[in-house]
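**Student:** Here it is: the structure, laid out below.
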Amino acid sequence: PKPTPGKLRKTLRWAWRLTYLSAAGLVGYTCLIVYQDRHPEPQFEPDPSKKTLVILGTGWGSVALLKKLDTENYNVVVVSPRNYFLFTPLLPSCTTGTIEHRSIMEPVRAILRHKKAAVKFYEAEASSIDPDRKVIKVVDNSEIKGATSETEIPYDMLVIGVGAENATFGIPGVRENSCFLKEIGDAQQIRKKIMDCVETAAFKGQTPEEVDRLMHMVVVGGGPTGVEFAGELQDFFEEDIKKLVPEISPHFKVTLIEALPNVLPSFSKQLIDYTENTFREEKIDIKTKTMVKRVTDKTVEAEISRPDGGKERVEIPYGLLVWATGNAVRPIVKDLISRIPAQKDSRRGLAVNEYLVVQGTRDIWAIGDCAVAGYAPTAQVASQEGNFLGRLFNNMAKTENHEARIQELSSKMNLQGGNSAEAAREIESLEKQLRRMKDIKPFRYSHQGSLAYIGSEKAVADVSWWNGNLATGGSLTYLFWRSAYLSMCFSTRNRVLVILDWLKSKAFGRDVSRE
Ligand code: FAD
Ligand code: NAI
């Protein structure tokens with residue numbers, strides 16, 4: 001039967017009511033979360049007789065641990081030079097202003113305020129660890145004091161989650177002349193420098209060669225960081241700079257240099273081809289089998305491996321150079337490695353066992369990019385490791401409490417001549433629970449997949465699907481990329497800010513003012 005106008009109107013009315021109710025529900029739920037966020041439960045001071053657990057770092061690993069940890073079981077002390085957590089997957093978007101940097105930062109004080117027992121936080125850098133004396137040395141470089149202050153913090157248990165620094169392989173000129181992309185400050189510096197290049201190129205009387213150099217944006221390293229940044233940069237140019245400064249647009253060029261035969265080596269072949277083809281369409285120049293050997297303030301010197309096996313040396317002028325060639329070990333980790341004989345062969349970080357204990361030590365655990373557990377240095381691995389340690393420590397504390405209670409009940413029973421049926425029953429139940437708790441499985445990483453944005457509202461995804469793998473790329477994958485990262489944002493506040501930033505840059509364009 002044909003729908004009559006009356007029926008149609010009724011259906012539309014119901015559809016409208018449902019939409020209205022869902023929207024109202026979503027707004028209500030968000031308000032509730034925001035209210036709870038702003039009104040946390042009162043916190044209590046932890047028991048000073050409990051063990052001191054010191055956590056270094058406020059990155060993916062350490063924050064995942066803090067989220068999971070029952071802080072009432074320990075005296076928790078967090079030390080990090082950064083008083084916020086940084087959602088690194090969206091950092092490339094901050095370099096062009098698609099997302100504002102504060103939208104992907106979460107103050108660590110806000111995270112700690114929601115724990116049941118208070119946690120001490122020191123904004124400082126740990127400079128060394130003495131595993132024999134069980135103390136760490138920390139340095140506060142705060143500008144406000146004008147001088148650095150140093151102190152020691154004793155620990156009973158220590159978790160090292162200090163991440164990694166940028167690898168330069170000792171290539172001359174890299175540290176002095178390039179921008180990196182690891183921290184918020186790096187993204188801000190890149191954003192400024194892009195506009196500096198654009199405004200300088202547009203200045204009166206520049207030679208065409210100088211305009212070409214200034215507008216040449218070179219990215220070294222074709223891993224996910226380099227690829228995502230190149231994609232964001234090309235978008236910025238196509239969607240904003242081209243419209244606002246049209247006179248320099250014929251000179252704008254992005255070049256991605258990679259030493260290996262292809263970009264994104266950790267992705268499947270099909271997605272590597274898709275990315276390289278998309279980059280060609282976007283006019284991003286990919287130079288593979290090209291190894292950068294030296295950097296000056298205006299040029300990059302690289303060695304190209306030719307198909308005939310020969311080598312060719314080229315000099316590439318640049319305006320902006322972004323260096324994204326992966327991770328290197330931090331000095332504090334190098335120093336600890338040198339103090340532990342069992343770590344003498346460790347090159348990429350602290351070798352840990354399957355419970356993430358630093359090999360050759362007692363009571364020291366390492367997580368994330370500074371630990372070598374046989375997995376890639378990713379946020380996914382770091383957060384699963386942090387989560388695992390959180391559960392492990394909660395379990396250890398419970399086990400100790402149960403053991404203490406059993407001892408207490410046993411001595412009570414001994415005093416009473418062993419005839420308290422109630423105590424015996426409680427001991428039996430506690431022992432049963434203890435057996436279960438002591439059977440902790442070692443850490444196993446569960447790979448959920450890899451995602452990367454490649455520009456032009458396209459993304460690539462290698463995701464676990466049933467028992468296999470699904471490799472996909474394109475605009476739908478981009479929507480998936482957006483929703484996946486949105487759901488992974490640390491807080492509701494971050495989520496709302498990121499959505500607003502996306503809407504803002506779509507509606508008004510990115511902000512090209514140079515701060
Ligand atoms: P980090 O998150 O780097 O945190 C280290 C912490 O230690 C920081 O708080 C730092 O301030 C602190 N610290 C440093 N030195 C000291 C010291 N001496 N004493 C005390 N504290 C110290 N991974 C993914 O899985 N998916 C992605 O999409 C993704 N995108 C990325 C995009 C970019 C641009 C970058 C750079 C990385 C990306 N990664 C991604 C990788 C991911 O960010 C890292 O693997 C992850 O941050 C590692 O977590 P971590 O806790 O080991 O270290
Ligand atoms: P990477 O180690 O993944 O890639 C660095 C690339 O630089 C390598 O392909 C290497 O061959 C190349 N390289 C090294 N030296 C070179 C030279 N002299 N000249 C030219 N090329 C050179 O580093 P990246 O991209 O910084 O990633 C670090 C970690 O963070 C990785 O584990 C990565 O998976 C993860 N990450 C994940 C993202 C995602 O999933 N979307 C995004 C960004 C990072």
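Each reported figure results from applying straightforward, stated rules to the coordinates on display, with no laboratory input. Just so you know, these numbers come straight off a predicted model, no measurement behind them. For neighbour counting, all protein chains shown are included, and Cβ atoms are generated from backbone atoms with ideal geometry for every residue, glycine included.
**Student:** Among the listed residues Phe279, Phe252, identify the single one that is within 29 Å of the chain's Cα centre (by Cα) and buried (at least 18 other Cβ atoms within 10 Å of the Cβ).
**Tutor:** After applying the criteria, what remains is Phe279.
**Student:** Another question, if that's okay. Considering only region 485-515, how many residues are surrounded by 15 or more Cβ atoms within 10 Å (Cβ to Cβ), charged (D, E, K, R) and not in a loop (DSSP other than H, G, I, E, B)?
**Tutor:** 4
**Student:** Within region 43-61, can one find any residue that is touching a Gly at 6+ places or on another chain (Cβ under 8 Å) and part of a helix (DSSP H, G or I)?
**Tutor:** Among the residues of region 43-61, at least one is touching a Gly at 6+ places or on another chain (Cβ under 8 Å) and part of a helix (DSSP H, G or I), which makes the answer yes.
**Student:** Does Val227 qualify as being touching a Ser or Thr at 6+ places or on another chain (Cβ under 9 Å), in a strand (DSSP E or B) and either more than 16 Å from ligand 2 (Cβ to nearest atom) or under 22 Å from Ala328 (Cα atoms) (or both)?
**Tutor:** no
**Student:** Which one is nearest to Leu158 (Cα to Cα) among residues in region 358-405 that are β-branched (Val, Ile, Thr) and touching a helix residue (DSSP H, G or I) at 6+ places or on another chain (Cβ under 6 Å)?
**Tutor:** Ile367
**Student:** Now, a different point. Across region 377-393, which residue is nearest to the chain's Cα centre (by Cα) among those that are more than 8 Å from ligand 1 (Cβ to nearest atom) and of a type in the set (A, V, I, L, M)?
**Tutor:** For region 377-393, the residue satisfying everything is Leu389.
**Student:** Which of the residues spanning region 161-182 are within 13 Å of ligand 2 (Cβ to nearest atom) and of a type in the set (Asp, Glu)?
**Tutor:** Glu165
**Student:** Checking the conditions here, which among Tyr20, Tyr35 is surrounded by 10 or more Cβ atoms within 10 Å (Cβ to Cβ), on the phi < 0 side of the Ramachandran plot and not acidic (Asp, Glu)?
**Tutor:** One residue alone meets the criteria, Tyr20.
**Student:** Let me ask something additional. Restricting to region 330-384, what's the tally of residues that are in a helix (DSSP H, G or I), of a type in the set (Asp, Glu) and either more than 15 Å from ligand 2 (Cβ to nearest atom) or under 19 Å from Val135 (Cβ atoms) (or both)?
**Tutor:** Adding up the residues that qualify gives 1.
**Student:** Restricting the search to region 38-66, which residues are within 15 Å of ligand 1 (Cβ to nearest atom) and either of a type in the set (Gly, Ala, Ser) or surrounded by fewer than 16 Cβ atoms within 10 Å (Cβ to Cβ) (or both)?
**Tutor:** Of everything in region 38-66, those that are within 15 Å of ligand 1 (Cβ to nearest atom) and either of a type in the set (Gly, Ala, Ser) or surrounded by fewer than 16 Cβ atoms within 10 Å (Cβ to Cβ) (or both) turn out to be Gly57, Gly59, Gly61, Ser62, Ala64.
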